[in-house]
Amino acid sequence: MVSTEGLGRLAIVGIGTAVFAAVGIALFVVYPATLSELLGVLLVLVTLVFGLRIASNIARTLFPGYDVAEVAVDGPITRDGGGGRMPTGPQSTPADDIVEQIDRADEDENVDALLVKLNTPGGEVVPSDDIRLAAERFDGPTVAYTTDVCASGGYWIASGCDELWARDGSIVGSIGVIGSRVNASDLAEKVGLSYERFAAGEYKDAGTPLKELEEDEREYLQTLIDDYYETFVDRVSDGRDLDEEFVRDTEARIYLGEEAHEMGLVDTIGTRRDLEDELAERLDRPEVSIEEFEPDRPLMTRLGTGAQQVAYAFGAGIAGLTDDQTFRLRL
């Protein structure tokens, strides 16, 4: 027995198919008498599409329907989103794009507040700090909000916002720094590879995978990690108004949202709707309209991003074996 809803869907599909078939026959079979006429019809349709898009952009500029800007930090944080030698994944966050979006929102006279949506496990140190600095520069209220994960570099960014909202089950914290290297010296020996050093500066090749790590090199690299960690603690302490010893005592643990709130790592537990209501009250208006700011990329860049996502699925494993980075540092 077919339900009423099913019959209705079938009827709509049938009617729609018939209508579009009739339009297609009229445009491409009956109406054009020559190839030039057919091309003319196609050009008119293309012009119409572009005209509608331009008119829509003009209308949005003259009559904006938003007062809050939103930028999304989604996935691992990198400088270029994985466009370097070692792809970090098609869902990485290019820090420069996020900074550009925040700066553009700051220059937009219609934007009264900034919402930074965080769903990230962290990433590279300096790109994370660039996003934090952009949020600090924004002239107006800035609210960081996470649904799933706000860890490490994500929390570094949140420390540059006025406050942080989360859900009960959000993962928050991981205030720490990690460095890593692959020790391939035993493997190299088995396959007959040897490492010959040509370097100026004692620690230039510290962390090279094809040789054993000397104790003084280990201390040198650990010092770098410790320095970055102290900077991280300082940023969180100042931005979140937390005691430095309290931050260190977390030992880079992660916490669920409710516990993070009780500890003071999160300001408010609430849903996205709760946050929008709070912003409307602060801005003294019945409700807010949020516009998601996206990177302004040219066509060729957008095509390249799509191609990169396909290539990543095929080549990430091989690239991981051939990458020449010796020591990787991330939040």
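Computed from the coordinates by the stated procedures, all read-outs in this text should not be read as laboratory data. Just so we're clear, the structure is a prediction, and the values are computed from it rather than from any experiment.
Quick one: length gained pulling E109 to D186 fully straight, 0.36 nm per residue minus the C-alpha distance? Let's see the in-between values first.
Details: separation 77, 0.36 × 77 = 27.72 nm, distance 6.03 nm.
Taking E109 through D186 to full extension adds about 21.7 nm, to one decimal.
A straight chain from E136 to E245 at 0.36 nm per residue would run longer than the Cα-Cα distance by 36.9 nm.
Using alpha carbons only, the radius of gyration of segment 107-181 set against its Kirkwood radius gives Rg/Rh = 1.01. Computed over segment 68-210, the Cα gyration tensor eigenvalues convert (square root of 5λ each) into semi-axes of 38, 17, 13 Å, ordered from largest to smallest.
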